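Contents: one structure, followed by commentary.
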């Protein structure tokens with residue numbers, strides 16, 4: 001019986017298996033390196049993103065602090081503006097009262113005397129006595145010609161005969177107003193002319 005020597009074939013087979021093993025080992029090593037590189041890369045990206053998030057959070061905190069400071073400044077500004085408006089209103093009211101009393105003196109014609117005065121907001125209530133109804137009418141015209149006094153409504157007039165020199169009692173409601181600067185001189189001149197005309201009527 002013939003004998004076949006299988007040793008060369010087995011050796012070749014073993015070498016082929018060794019080559020396949022080393023090839024698979026190399027592929028596995030390469031894959032492991034790729035995985036490690038990917039892990040390192042992802043870790044670096046995550047760390048970078050965490051740093052960016054921390055930076056953004058710090059910036060947001062600083063912005064929140066600045067916004068809170070701005071809101072405090074706005075509240076302080078609003079309070080200061082409110083105080084300024086109150087002061088300006090008080091100064092305007094004081095100036096208005098000075099002009100009001102000055103106009104009351106200017107507009108009262110001869111034969112008219114005031115006995116009472118009351119202000120409610122921009123409404124002025126006047127009580128007085130006069131020589132005649134004509135003197136009251138003159139007084140109303142003088143008031144309406146004043147730059148600081150507006151329309152005058154006659155609330156009452158009656159002859160009481162208590163004082164022969166001023167027997168007529170009257171009441172007026174007057175609307176206060178603030179004149180424009182360019183109109184103040186014109187209306188003041190008109191009031192003066194009306195006062196002179198009223199004096200002539202009351203004397204007649």
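What to note about this one:
- Extension gain from residue 115 to residue 153, taking 0.36 nm per residue of separation minus the Cα-Cα distance: 12.0 nm
- If the segment from residue 71 to residue 49 were pulled out straight at 0.36 nm per residue, it would be longer than the present Cα-Cα gap by 4.7 nm.
- Model label sites at residue 97 and residue 57, defined 7 Å from Cα along the beta-carbon direction, differ in position by 6.2 nm.
- Here is the tail figure for segment 115-156: Cα pairs spaced more than 13 Å apart come to 58 percent of all pairs.
- Expressed as a fraction of 2.2 N^0.38 Å, the value expected for a compact globular protein of N residues, the C-alpha radius of gyration of segment 38-125 is 2.72.
- Approximating the spin labels as points 7 Å out from Cα along Cα→Cβ, the residue 11-to-residue 122 distance works out to 12.3 nm.
Just so you know, all these numbers are worked out from the coordinates, no wet-lab data involved. Everything numeric in this text was worked out from a predicted model, so none of it was measured. Glycine gets a Cβ as well: all are built from the backbone with ideal geometry, and neighbour counts include every protein chain shown.
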